[in-house]
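Here is the structure we will look at.
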Amino acid sequence: MWGFTTVEVCVLSVSTALARLRDGLSEPFPDSPGTRIIDIAFPLNDAFDPLLWCGQQPQWPQFYWQQRNGDEEMAALGAVKSFPSLDAANRFLHQAGRQDLRICGLNAFAPQQGRLVLPRLE
């Protein structure tokens, strides 16, 4: 069973978000193994282009998705964990027991060609 630690903060500027991230990363890690989530939300203005931002990052994999009606979009970088199949990803999410984790990737027509990851940064 995976153990999770979450730190959630809502901030109003990128510089404040970076300072909060630094603070979250400097906290001691829990004794039990697992995944540590540091959630630092900050508002983006309408000029921010997540697809352009994602493409300019050196980390890989890069993932961008937008719902057809435009209500939701997501840009994600890196992989904390990779999954060989949709079943493996679903098992991980079920064991994690967290509603806020999202798996990103491609689930190809040929399942052995799919790529699913738990992103490092979303």
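Details
- Annotation: extensible slack from A17 through H94 equals 24.7 nm (criterion: 0.36 nm per residue apart, minus Cα-Cα distance).
- Proxy reagent accessibility, fewest Cβ within 10 Å first, across V80, V117: V80, V117
- Listed peptides 86-99, 58-71 appear in the order 86-99, 58-71 once ranked by packing, highest mean of other Cβ atoms within 10 Å at the front.
- Near G34, the amide H atoms lying under 5 Å from its own belong to G3; only residues 5 or more places off or on other chains count, and H is placed 1.01 Å from N.
- Cα-based shape type of region 44-122, given that a ≥ b ≥ c are square roots of the gyration tensor eigenvalues and the cut on a/c is 1.5: prolate
- At an R0 of 30 angstrom, the distance between the Cβ atoms of M74 and S26 translates into a FRET efficiency of 0.65.
Bear in mind that the values in this text are calculations on the coordinates, not laboratory data. On a predicted model such as this, the values are computed, not experimentally measured, just so you know. Please note: Cβ atoms are built from the backbone with ideal geometry, for glycine as well, and neighbour counts cover all protein chains shown.
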